[in-house]
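Step one of this worksheet: look at the structure below.
The values are calculated or read from the model by the stated rules, or taken from the named source; none is laboratory data. Keep in mind that what you see is a predicted model, and the values were worked out from it rather than measured. Quick reminder, even Gly has a Cβ in these numbers, built from the backbone with ideal geometry, and neighbours come from all protein chains shown. What goes into the accessible areas is simple: the full protein's heavy atoms, side chains included, and nothing from ligands, DNA or RNA. Shrake-Rupley method; radii C 1.70, N 1.55, O 1.52, S 1.80 Å.
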Amino acid sequence: MEAEIVSRAVAAATTLAGELHLRVDHAAVIHNSNKLALRLLPCGVFARVAPVGQEVAALEVELALRLAETACPVTPLEPQVEPRVYERDGFAVTLWTYYEVVSPDPGFPGAYAEALQRLHTGMRSVEIATPHFLDRVAEAERLVTHRDETPALTEADRHLLLGTLQSARERIHSRGVPEQLLHGEPHPGNVLNTRDGLLFIDLETCCRGPVEFDVAHVPEEVSARYPDVDQVLLAECRRLVLAMVAAWRWDIRDEFPDGHQHGRDILSLLRQGPPWPALGALVAE
């Protein structure tokens, strides 16, 4: 978000907190992209703020409530207030429990894999309408196809991305494996290592698909500990995820820091060919 929008978003979250009898003397910006993540002090509440219509906050809240019933390792909503989406001054605001992050210990990869497996187990018991992972692939293909939305992408890179997206999609679909509710992007940036264990955040990316699509987002030392993975399917999902992320980096609306350089790095990997690295390894660098 631009500075002027950030200022308005912080004001909206602060005003809302006051109305809910949460004391806020300061709002610390934790993350700023398409959404603003704030720690409200001294009440200690974590707020996520986005312009109304540019978020899927209602789905995220519903999923958080449903997954909490299954003891899934996800961050809970703030218990001091009604668990719902609040709208203030053109912004959608959701309020969550804040967790201090601690340094990972040597057993982190195994704990990460175990937490992801627990998340998937809990998700299998939740029936809720979400997009299919191929819907996200179609959106990436649309970005690559529409030159006005990805104007900085060269024709050679555009051809590479489109071909990769289409062939990986077809190979994944042809394997006919079981599908279920997924996190959608369980990479290291969406995992908190807390004193209460590992917790997944950012549920707005949830979708349906094979578990290998989720596993493709985590570092290799984590995926190696996830049980019963179809290795052929995992490799195709890694290739697909790399191409999707590269497409997003060229979107004129993308706010990822040094996004074009990140996109070029991924394009180089796609040109080099297999073995395909896990996205989580790139995110962690």
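Laid out as a table, the results:
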| quantity | calculated |
| --- | --- |
| Rounded FRET efficiency, nearest 0.05, which uses the C-beta distance separating ALA11 from HIS132 and R0 of 41 Å | 0.65 |
| Theoretical FRET efficiency, 1/(1+(r/R0)^6), r = Cβ-Cβ of LEU41 and ASP228, R0 41 Å, to 0.05 | 0.40 |
| For the chain: relative contact order, % (alpha-carbon pairs under 8 angstrom, 6 or more apart) | 17 |
| Helix-derived mean residue ellipticity, 222 nm - over the chain, DSSP H n ≥ 4, -39500 (n - 2.57), to 500 | -14000 deg cm²/dmol |
| Choice from LEU181, LEU16, LEU192 with maximal GNM fluctuation in the chain (Cα, 10 Å cutoff) | LEU16 |
| Cα radius of gyration and Dmax for the chain (Å) | 19.2, 56 |
| Helix 3-19 vs. the chain, principal-axis angle (Cα, 0 to 90°, nearest 10) | 50 |
| Candidates ALA235, ALA129, ALA243, ranked by Gaussian network fluctuation over the chain, Cα under 10 Å, top entry | ALA129 |
| Full-extension gain in nm, SER33 to SER268, via 0.36 nm per residue minus C-alpha separation | 82.1 nm |
| Cα-Cα separations in the stretch 93-212 greater than 19 Å, expressed as whole percent | 61 |
| Potential extension, ARG175-ASP89 segment - 0.36 nm per residue separation minus Cα distance | 26.2 nm |
| Accessible area, probe 1.4 Å, largest first, for residues GLU179, GLU141 | GLU179, GLU141 |
| Under the Debye formula (equal points on every Cα, no solvent term), log10 I(q)/I(0) of the stretch 188-247 at q = 0.29 Å⁻¹ | -1.33 |
| In degrees, nearest ten, helix 57-68 long axis to first principal axis of the chain (Cα) | 90 |
| Degrees separating the helix 108-123 axis from the principal Cα axis of the chain, which is the longest one | 80 |
| Computed log₁₀ I(q)/I(0) - Debye formula, equal Cα scatterers, no solvent, the stretch 1-125, q 0.12, 0.16, 0.18, 0.22 Å⁻¹ | -0.50, -0.84, -1.00, -1.25 |
| Max mean-square fluctuation residue, GNM over the chain, Cα-Cα springs under 10 Å, options THR205, THR14, THR194 | THR194 |
| Inter-centroid distance (Cα atoms) of the stretch 50-77 relative to the stretch 165-226, Å | 17 |
